[in-house]
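What follows draws every value from the coordinates through simple rules; no lab data is involved. Here the structure is a predicted model, which is why all the values come from computation and not from measurement. Cβ sites come from the backbone with ideal geometry, for glycine too, and all protein chains shown count toward neighbours.
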Amino acid sequence: MTGKIGSTVLGYPRIGPERELKRALESYWAGRSSEAELRETARELRVRTWRELRDAGLDSVPGNTFSYYDQVLDTAVTFGAVPPRYAALGLGPLDTYFALARGVEAVPPLEMTKWFDTNYHYLVPEIGPDTEFALADRTPVEQYREALEAGVTTRPVLVGPLTFLLLAKSAEGAPESFRPLDKLPELLTAYADLLRELHRAGVERVQLDEPAFAADRTPEQLAALGDAYRQLGGLSARPELLVAGYFGDFGEAVRELAGTPVEALAVDLVTAPSTVDSMSGVPGLRDKALVAGLVDGRNIWRTDLDRALTAAATLLGLAGEVSVGTSCSLLHVPYDVETEDIDPQVKSWLAFAAQKVREVVVLGRALEDGREAVADELAAARAAVEDRAGATRVRNNRVRARLESLKPEHSQRGDYAKRREAQQKSLQLPPLPTTTIGSFPQTTDVRRARAAFTAGRIDRATYQQRMRDEIKRVIELQERIGLDVLVHGEPERNDMVQYFSEHLDGFISTANGWVQSYGSRCVRPPILYGDVFRPGPMTVAWATYAQKLTAKPVKGMLTGPVTILAWSFVRDDQPLGETAAQVAMAIRDEVQDLEAAGIRVIQVDEPALRELLPLRAARHEAYLAWAVAAFRLATSGVADSTQIHTHLCYSEFGDVIDAIVALDADVTSIEAARSRMEVLEDLNAVGFGRGVGPGVYDIHSPRVPDVAEVAELLRAALRSVPADRIWVNPDCGLKTRDYAEVEPALENLVGAAEAVRRELP
Ligand code: GLN
Ligand code: ZN
């Protein structure tokens, strides 16, 4: 049995309250500061975090949660899993690390992908049969010592060995049958070495994160989890082990781990309250300590502390000892709501990382010393929760009445054959029509104008004139290049979600609510706190201005309801599907206004459709049902002759492919340049029979494809899909590229479409 863990958080933001790390990193990368300066900033941030967490009253302070870029990359480096092409660069340790993260001239970086269903991105380790694991870097030990010197005892946090291997991909050249998990025995030896060193350094307890087991796993993988922790637990000289599983129901893993010498388990009772049921009656759990994740690590609402305490009470009989923690690392929320100058009522409902630490401390004391010990804090939390629940501004009866009056036909468009005919008549497009995904490069001028407007240095009229000038330029450029369906270029949008949240009731923006997305990149998700209502048109003026400049159709450009939710902090007081329907109504109104203003093609982007897919397959159907319904509600309010497009930022559809068919968009643009059009076969296999624009220009790279190359991709596409359904477009927005690349690339794209058209029968 274990020493008491007490109140704790599973991790903490590390970018710095004022994004100090972002600035230090970017300055180092630009050669403006030295490695020593970067390291010093990092050290200051760590020490500050440790002391704040200790002073806030946490019983157990997490350590090793700092990272220069990403914790999965850190793990790869710690255990020597650096692919030879990076090691061969002959750089120092820090620059090798950044080469893995960001690439160098000749060597591209590791692939990056989303961390489970969050908006955080990790670098995908490459593991092959030849990867030699060894304890190659001792940062976790060093940071434990550094914290001790600063007067704080920490609990080092590591990515667990199973999750690390399950997130890795097979290195190029590995045999087809090879799985990174095959290397578990060797990796465990290296983990054992680290655990022994940590023990020698005086570490009492280590946290090993195994979120991969909150998702569906095979019996073999679960057995491997048990074996691994029996082995690590069997070490004679080691710290106590706390294994954390978050983002879903960790119950199966708990069952497995209960039979190992692991001392403690942390579970996520916010995402998956069902974990309590799947843990009950597990033999061996009574000998374990349990950290109950009752404070939401991924959202920004104040915790209902009464409810959390009731939940904690039901756990008391289950495990040997129960403490309170966050559901996951606080990496996914901003630092401190106190620094925000926002509406005081909404603010009183919010808790960012610093406030969540306080909540955990209060819950811990209530469990330990009784509710009376923290009566004032419980009362304050109760008042805030009640205020939010009863607040009139959260409810908009008009919105609710409209949703209630909806009938099935509001989500149903007419027969596709008829739509097609009506659209062809209205648009008169050639075969293989060419278009883009929406944004054009955001020039320094555009960015400056927006910053000046936000800061009040230029007035609205001046700002709007600048944007119109830009739109005019972009329209003229597209006409000159010869594209068929034009766009206005989105110069007025800083971000495809934030722009809409700023125009809708029910959202609030923060000034400093930054959350790390990857490396030094941070996002500031809007907060969706109430019923969503569109007070007026959001994009119509820009779209109609653009349409007036050209005889060609201009495509209206909107963000879809699922993506708006995915990149916001959403309300937790109603099912997400209901919130999605409200956002969908607002988008529907915009779609109809665009149509009424003469816009004949409207694109509703849903790049996040796949990202919100729940980790457990059992929950996919319910999610996809409301996600598809929201898109259809948003796009079904138009005439047959109005063409609806959608855009998805990927080509591996997997579990969402049927949903893509069900969206019933007239045209779907997808990523495909890198997958050589194979994706079209996948779409055919599920009976997709609408227009499709497989990206023929990979905008993620600065490379300009030539005419022959694009034409070849088009010919490949034509082998799977008839010419009257194929569209020709890049595979994503052009926002992050330069005109120097975009212009020739689009010229070649149009040139290729013309060439292939001539080959058509
Ligand atoms: N219309 C958006 C753009 O072009 C789509 C961006 C995206 O797919 N992420 O920028
Ligand atoms: Zn995209």
Separation between Cα centres of the stretch 404-438 and the stretch 329-396, rounded to whole Å: 47 Å
Rounded to whole Hz, the Karplus (6.51, -1.76, 1.60) HN-Hα couplings of the stretch 356-366, x for glycine and proline: 5, 4, 4, 4, 4, 4, 5, 4, x, 5, 4
T454/H410 FRET efficiency (R0 30 Å; Cβ-Cβ; nearest 0.05): 0.20
Estimated inter-spin distance, E40 and D193, nm [label 7 Å along Cα→Cβ]: 3.4 nm
Computed over the stretch 485-535, Kirkwood Rh from alpha-carbon pairs, angstrom: 12.5 Å
Over 27 Å between alpha carbons, listed pairs K22/K472; K418/K552; K4/K114; K114/K356; K548/K735: K22/K472; K4/K114
Additional length obtainable on full extension of the chain from A723 to S236, 0.36 nm per residue less Cα span: 168.5 nm
Pairwise label distance in nanometres, E502 with D341, each label 7 Å out on the Cα-Cβ vector: 1.7 nm
Long-range amide H partners of A244 with built H, under 5 Å: L208, D209, E210, A266
Burial ordering of F178, F631, F116, fewest other beta-carbon atoms within 10 Å first: F178, F116, F631
Proximal lysines relative to K183, as straight alpha-carbon distance under 16 Å, when same-chain residues fewer than 8 apart are discounted: K169
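Counting only C-alpha contacts under 8 Å and six or more residues apart, can you give the relative contact order of the stretch 220-372 as a whole percent?
20 percent
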Residues with amide H under 5 Å from that of I15, placed H, sequence gap 5 or more: none
DSSP-defined beta bridges in the stretch 21-178 - what % are antiparallel, rounded to 5: 45 percent
Pairwise FRET efficiency - E476 versus R51, Cβ, R0 = 56 Å, nearest 0.05: 0.45
Among beta bridges that DSSP assigns inside the stretch 212-350, antiparallel share in %, nearest 5: 5 percent
Residues H620, H332 arranged by fewest to most Cβ contacts within 10 Å: H620, H332
Alpha-carbon gyration tensor eigenvalues x 5, square-rooted, for the stretch 578-705, Å: 24, 20, 13
Calculated Rg and Dmax of the chain using C-alpha coordinates, Å: 26.9, 83
For the stretch 290-370: rounded, prolate or oblate by the Cα gyration tensor [a/c cutoff 1.5]: prolate
The chain, relative contact order [Cα under 8 Å, separation at least 6], %: 11 percent
Simple label model, 7 Å out from Cα along Cβ direction - E743 to N397, nm: 5.9 nm
Over the chain: helical MRE at 222 nm, DSSP H runs n ≥ 4 each giving -39500 (n - 2.57), nearest 500: -13000 deg cm²/dmol
Cα gyration tensor, the stretch 381-443 - rounded (a/c under 1.5), prolate or oblate: oblate
The chain: antiparallel DSSP beta bridges as a percent of all, rounded to 5: 20 percent
Angle in degrees between helix 35-55 and the longest Cα principal axis of the chain, rounded to the nearest 10: 60 degrees
Principal-axis tilt of helix 460-481 within the chain, Cα atoms, nearest 10 degrees: 60 degrees
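How would you order 342-352, 156-166, 454-464 from highest to lowest mean count of nearby Cβ atoms within 10 Å?
Ranking the peptides 342-352, 156-166, 454-464 by packing returns 156-166, 342-352, 454-464.
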